[in-house]
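A.B. asks: Mind having a look at this structure? Questions to follow.
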Amino acid sequence: MELYKCSLSELIKMLKENRVKLKDIHESISFRISNVDKRIKAFVSLNNNIKIDQLKTKDYIDDYLKGLPVAFKDNMSTEGIKTTCSSKMLKKYNPPYDATVVKKVKKSGGIILGKTNMDEYAMGSSTENSAFFPTVNPWGKNRVPGGSSGGSAAAVAAGMAPVALGSDTGGSIRQPASFCGVVGLKPTYGAVSRYGLVAFASSLDQIGPLAKKVDDIAIMMNVITGKDKNDSTSINNNYPDYTKYLKNDVKGMKIGIPNQYFEMEFDDQVRNSVISAVKKLEEAGAEVKKVDVTGAEYALAAYYIIATAEASSNLARYDGVRYGLRSDNVNNLRDMFSETRKEGFGEEVKRRIMLGTYVLSAGYYDDFYLKAQKVRTLIKNDFNKIFKEFDLMVSPTTPSTAFKLGEKRDPLEMYAADIFTVPVNIAGIPAISIPCGFDNKGLPIGFQIMGPHFKEEKIIQAAYTLEKILNLDIKYPELK
Ligand code: GLN
């Protein structure tokens, strides 16, 4: 088998057993990128500093990641490698430091492969909001890869990276994972440091892995979790060795099926595939029961108020003074601010800044922002209550499979793609998306497993079991 097709855990195993050379793996992946990225456009930039010929297996053999390549979404700061957020504003930005996750990956012997395309500032669900180019879903020429971590998901799906990191504020790891037929985990808020992640909505943003198999997710979680003194919201916890939970066993696990999610209108093929996967978990010994959830119909509205409010504040720093674009087309300071922001930000980012500024302004704050925060508390309390009785909850990741490029022109339609993913961010809980089948167009369907705060290991165990039951070997789309 070609090396680019192997999962991270397979590659680690082969390197350990001295059955393959590190150099050959990098060569295979680099060759794959040069063959298919012209069509997929998953990368904004590649790390040109990797000297493949000089890579020696033994130099990395004691490291956890063994010198293997890792792709990063282009909103994670990489020292000396451009970090653009797929925005004109940061097109030339070269961070002077590494994000904590980047540091941790490097320390574990991972090598930065490149930076992946995304919706500008992580705002979007299709990667079409990139200021540079849209990424294409490897499973369908005219289909979006999802977003905002669309480049990361497409890179993994097309065999251009064994593993990638993405960020998830309202679904941006899980939704593209679902659309591209890969696995993606959004960890508990606070489990992974956000230091060096370009902020979108700080109370919701979280970094997590995308990979071909659940094993690889466990491996990456071992690398990236942990308290960081540079991120006061990161939490000191006894993070387990997640690979210990790669067990084919859901016996006695209590799994909730949220009634209000399944009452919503969504694609029948997605529904049937998810329901059939739930049955398989039940046959394997899980105790499956329906459960009522509060606020599912308000989660999306609350999310788009809170996220835009935080974004409007976080993005105030792009004023052309300290870093990023500065418009020269001006005669005075005031114009410099406005021209810089006008030229630097795309349409969706501007829309969010305006929405966010509006919901925070005097007279509207109570009606929108405050109300959304109350909804947030209700949703969070409800999840906490449910997880007293249930180990996990499951749902589709997305209401449909990958839609067509250019299909969703109305921003509200695009926002609706997040109905199943945003409640998780609002509550700060962890959730995974794993492939559970294909629709009749050959597009992947994603299955979401949600768990209580800091119980990623339970999610990993259930996901691993489902992966085994469904016997979903890694499949590769035909790519020319
Ligand atoms: N699609 C959502 C949005 O546009 C989520 C984005 C994300 O998780 N970064 O806000």
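A.B. asks: Let me have the 222 nm mean residue ellipticity of the chain computed from DSSP H runs of 4+ only, each contributing -39500 (n - 2.57), with the sum over all residues rounded to the nearest 500.
C.D. replies: Calculated at 222 nm, the ellipticity per residue is -11000 deg cm²/dmol.
A.B. asks: Express the relative contact order of the chain as a whole percentage, based on alpha carbon pairs under 8 Å and six or more residues apart in sequence.
C.D. replies: After rounding, I find 18 percent.
A.B. asks: Through the Karplus equation 6.51 cos²θ - 1.76 cosθ + 1.60, θ set to phi - 60°, convert the phi angles of the stretch 13-20 into ³J(HN,Hα) values in whole Hz; use x for Gly and Pro.
C.D. replies: Listing the rounded values in order: 4, 5, 5, 4, 8, 6, 9, 8 Hz.
A.B. asks: Let me ask another. Alpha carbon centre of the stretch 74-133 versus the stretch 144-223: separation in Å?
C.D. replies: Value for the Cα centre distance between the two parts: 13 Å.
A.B. asks: Could you check the spin-label model distance between K16 and T357? Points 7 Å from the Cα along Cα→Cβ, value in nm.
C.D. replies: Distance between label points: 5.5 nm.
A.B. asks: Could I have the simple spin-label model distance between M264 and S232, label points 7 Å from Cα toward Cβ, reported in nm to one decimal?
C.D. replies: The two pseudo-label positions are separated by 3.4 nm.
A.B. asks: Given the pairs K5/K141; K23/K227; K385/K455; K115/K280; K21/K107; K280/K408, which span a C-alpha to C-alpha distance of over 26 angstrom in this model?
C.D. replies: Distance filter (> 26 Å) returns K23/K227; K115/K280; K280/K408.
A.B. asks: How far is the Cα center of the stretch 252-319 from the Cα center of the stretch 355-391, in Å?
C.D. replies: 16
A.B. asks: Considering the dipole of the chain built from charges on the beta carbon (Lys and Arg +1, Asp and Glu -1) around the Cα centre, which of S172, L11, Y195 is farthest to its positive end?
C.D. replies: L11
A.B. asks: Counting other C-beta atoms within 10 Å, which of M1, M118, M354 has the fewest, and how do the rest follow?
C.D. replies: By the 10 Å Cβ count, ascending: M1, M354, M118.
A.B. asks: With the crude spin-label approximation of a point 7 Å out along Cα→Cβ, what separation in nm comes out for R317 versus I275?
C.D. replies: It is 4.8 nm.
A.B. asks: Still on this structure: So if we plug the beta-carbon distance of D367 and E297 into 1/(1 + (r/R0)^6) with R0 = 25 Å, what FRET efficiency do we get, rounded to 0.05?
C.D. replies: 0.85
A.B. asks: Suppose every Lys and Arg Cβ carries +1 and every Asp and Glu Cβ carries -1, with no other charges. What dipole size does the chain come out with about its Cα centre, to the nearest 20 debye?
C.D. replies: Computed about the Cα centre, the dipole is about 1000 debye.
A.B. asks: I've got another one for you. Rank-order 330-337, 140-147 by packing density, defined as the average count of other C-beta atoms within 10 Å over each peptide's residues, highest first.
C.D. replies: 140-147, 330-337
A.B. asks: Follow-up. Report, by chain and number, residues whose modeled amide H sits under 5 Å from the one on F447, excluding near sequence neighbours (fewer than 5 apart, same chain).
C.D. replies: The list, which skips near neighbours in sequence, is T397, I434, C436.
A.B. asks: About the Cα centre of the stretch 312-373, what is the dipole size in debye to 20, counting +1 per Lys and Arg Cβ and -1 per Asp and Glu Cβ, all else neutral?
C.D. replies: For the stretch 312-373, the charge dipole is close to 140 debye.
A.B. asks: Just to check I understand the Karplus step: with θ = phi - 60° and J = 6.51 cos²θ - 1.76 cosθ + 1.60, what whole-Hz values come out for the stretch 201-210, glycine and proline as x?
C.D. replies: 10, 4, 7, 10, 4, 8, 8, x, x, 10
A.B. asks: Counting only residues 5 or more places away or on other chains, whose amide H sits under 5 Å from the amide H of E287 once H atoms are built in the peptide plane?
C.D. replies: G252, M253, K254, I255
A.B. asks: How would you classify the stretch 353-480 from its alpha-carbon gyration tensor, with a ≥ b ≥ c the square roots of the eigenvalues: rounded for a/c under 1.5, else prolate if a/b is greater than b/c, otherwise oblate?
C.D. replies: Taking the square roots of the gyration eigenvalues as a ≥ b ≥ c, the stretch 353-480 is oblate.
A.B. asks: Collect residues whose amide H, placed 1.01 Å from N in the peptide plane, falls under 5 Å from the amide H of R143; neighbours closer than 5 in sequence don't count.
C.D. replies: Residues meeting the amide H criterion: N137, L405.
A.B. asks: Order of 160-172, 46-58 by packing, highest average Cβ count within 10 Å first?
C.D. replies: Ranked from most to least packed, the peptides come out as 160-172, 46-58.
A.B. asks: Take each of the peptides 280-286, 307-313, average the number of other beta-carbon atoms within 10 Å over its residues, and list them starting from the highest.
C.D. replies: 307-313, 280-286
A.B. asks: Give me a comma-separated list of calculated 3J(HN,Hα) values for the stretch 461-466, in order, Karplus coefficients 6.51, -1.76, 1.60 applied at θ = phi - 60°, integers in Hz, x for any Gly or Pro.
C.D. replies: 5, 5, 5, 4, 4, 4
A.B. asks: State the answer as a single residue: which of A311, L333, G285 lies farthest towards the positive end of the charge dipole of the chain, with beta carbon charges of +1 for Lys and Arg and -1 for Asp and Glu, about the Cα centre.
C.D. replies: Of the candidates, L333 comes out farthest on the positive side.
Only the coordinates and a few stated rules stand behind these numbers; no lab work does. Given the structure is predicted, the values throughout are model-derived calculations rather than measurements. Ideal geometry is used to build each Cβ from the backbone, glycine not excepted, and the neighbour counts take in all protein chains shown.
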